[in-house]
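Throughout, read-outs are computed from the coordinates displayed, never taken from laboratory work. On a predicted model such as this, the values are computed, not experimentally measured, just so you know. Because the Cβ atoms are built from the backbone with ideal geometry, glycine has one as well, and the counts that use them run over all protein chains shown.
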Ligand code: GUN
């Protein structure tokens with residue numbers, strides 16, 4: 001895999017007293033540029049790329065996320081559509097919807113937006129998506145491939161984190177990494193990917209006693225809980241790399257991460273901002289997964305394409 005970004009393009013900090021910024025907007029723009037090249041190449045071979053997003057119910061945040069996904073697709077030439085089902089849609093109706101998207105030859109990627117209404121079992125619904133079209137990487141076959149370190153499609157957020165760390169040449173081999181949060185979407189796949197990159201990974205979660213102890217010794221902290229300010233800046237080891245996946249809105253209306261950014265920045269070597277760190281990378285990774293799924297389905301190798 002080639003270098004994602006020209007070193008000159010990265011705004012690495014020159015000051016030794018403040019961490020450099022892991023600029024997700026910058027790196028995501030480069031990922032999108034490369035996805036766009038693949039979309040053009042596939043189009044040249046007579047294939048358009050299409051993502052279908054299924055949203056059930058009226059969760060307001062989900063509606064916004066889906067709109068962003070569709071906008072991102074349009075920006076790189078991927079066609080997209082949203083199938084919106086009512087809050088009281090039966091499980092059978094959700095399965096039928098997914099089955100019809102599985103069967104459509106013009107659909108390359110199928111994504112079931114989470115969370116789902118309480119009466120829909122998410123794991124059973126996700127399992128009914130064709131593994132080859134599962135661009136979230138949540139299907140058991142794809143999660144199994146991840147465990148085997150053999151996956152083509154990886155959950156978008158941890159994939160985005162890995163791309164960001166690679167873009168800034170963060171050496172992971174031998175690093176003590178702490179992942180805070182053990183969700184299927186972030187924490188668990190993140191731990192797998194870091195382990196694969198030869199980091200020594202500790203997964204902390206709501207039942208961990210003495211979180212501070214683990215954070216203080218970590219060379220890499222990936223925080224993914226959505227609990228604003230969970231990690232005070234003075235827990236961060238001097239020179240550590242901090243990746244903040246958490247995002248929540250404070251009482252003042254401002255978006256904040258899990259880590260106290262201002263204090264952590266004075267100790268860390270590199271840190272993601274919130275917003276503008278992991279969020280853009282997640283969105284860009286979904287686009288990568290979609291073109292990878294499209295190419296694989298058509299039997300087209302992307303091995304020589306720069307990044308995906
Ligand atoms: N809801 C929040 N994050 C995600 C995601 O990565 N995929 C899906 N399908 N739903 C989500």
Report summary line: Projected onto their principal axes, the Cα atoms of the range 129-191 stretch, largest extent first, over whole-Å spans of 35, 23, 18
Query raised in the report: For the modelled label position 7 Å from the Cα of residue 262 along Cα-to-Cβ, which residues of the range 216-253 have backbone nitrogen atoms closer than 17 Å?
Result: 228-236, 250-253
Report task. Using only Cα atoms, locate the centre of the range 213-284 and the centre of the range 50-115, then give the distance between them in Å, rounded to an integer. Result -> 30
Query raised in the report: the chain: D in µm²/s via Stokes-Einstein (Kirkwood Rh, Cα pairs, 4 °C, 1.567 mPa s)?
Result: 65
Report task. Give the order of 97, 202 when sorted by the count of other beta carbons within 10 angstrom, beginning with the fewest. Result -> 202, 97
**Report entry** Max mean-square fluctuation residue, GNM over the chain, Cα-Cα springs under 10 Å, options 157, 195, 209
**Finding:** 209
Query - Förster radius 30 Å - calculated FRET efficiency between residue 195 and residue 74 (Cβ-Cβ, nearest 0.05) - result: 0.25
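Test of understanding: express the Cα radius of gyration of the range 157-303 as a ratio to 2.2 N^0.38 Å, with N the residue count. Intermediate results must be reported in sequence, preceding the final value.
Working: Rg = 15.6 Å, N = 147, 2.2 N^0.38 = 14.7 Å.
Scaled against compact globular proteins, the figure is 1.07.
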Query raised in the report: Per 5 Å bin, what is the whole-percent P(r) computed from every C-alpha pair distance within the range 165-221?
Result: 5, 21, 29, 25, 15, 4, 1
Report task. Pick out which of 162, 184, 193 has the largest mean-square fluctuation in a Gaussian network model of the chain, springs linking Cα atoms closer than 10 Å. Result -> 184
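Across all directions of projection, what mean area in square nanometres is found for the Cα convex hull of the range 80-211?
Numbers: hull surface 39.1 nm².
Average projection, Cα convex hull of the range 80-211: 9.8 nm².
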Query raised in the report: Under a point spin-label approximation (7 Å from Cα along Cα-to-Cβ), what is the residue 88-residue 227 distance to one decimal in nm?
Result: 3.8
Report task. Return the FRET efficiency for the residue pair residue 33, residue 141: r is the Cβ-Cβ distance, R0 is 22 Å, and the value is rounded to the nearest 0.05. Result -> 0.15
Query - On Cα atoms only, tilt of 60-76 relative to the major axis of the chain in degrees - result: 80
Query raised in the report: In the range 105-130, which residues have a backbone nitrogen under 17 Å from the label point lying 7 Å from residue 81's Cα in the Cα-to-Cβ direction?
Result: 105-113, 130
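Remind me, relative contact order of the range 122-182 in percent, using alpha carbon pairs under 8 angstrom and six or more residues apart?
Numbers: 29 pairs, mean separation 13.7, N = 61.
With pairs under 8 Å counted, the relative contact order is 22 percent.
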Query raised in the report: Which distance in nm do the two modelled labels at residue 40 and residue 183 give, with both placed 7 Å along the Cα-to-Cβ direction?
Result: 3.5
Query raised in the report: So what is the relative contact order of the range 126-260, in percent, for Cα pairs below 8 Å that sit 6 or more residues apart?
Result: 18
**Report entry** Listed residues 241, 66, 221, most fluctuating in the chain (Gaussian network, C-alpha, under 10 Å)
**Finding:** 66
Report summary line: Expressed as a percent, the portion of alpha-carbon pairs in the range 9-159 spaced more than 21 Å apart is 53
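Apply the Kirkwood formula to the range 56-140: the hydrodynamic radius equals the inverse of the mean of 1/r over all pairs of different alpha-carbon atoms; give it in Å with one decimal. Please list the in-between numbers first.
Details: mean 1/r = 0.0748 Å⁻¹.
13.4 Å is the Kirkwood radius here.
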Query - Potential lengthening between residue 118 and residue 248 on full extension [0.36 nm per residue; Cα-Cα distance subtracted] - result: 44.6 nm
Query raised in the report: What is the spread of the Cα atoms of the range 249-306 along each of their three principal axes, largest first, in whole Å?
Result: 49, 28, 12
Report task. Return the distance in nm (one decimal) between the two label points of a simple spin-label model at residue 105 and residue 173, each offset 7 Å from Cα along Cα→Cβ. Result -> 4.6
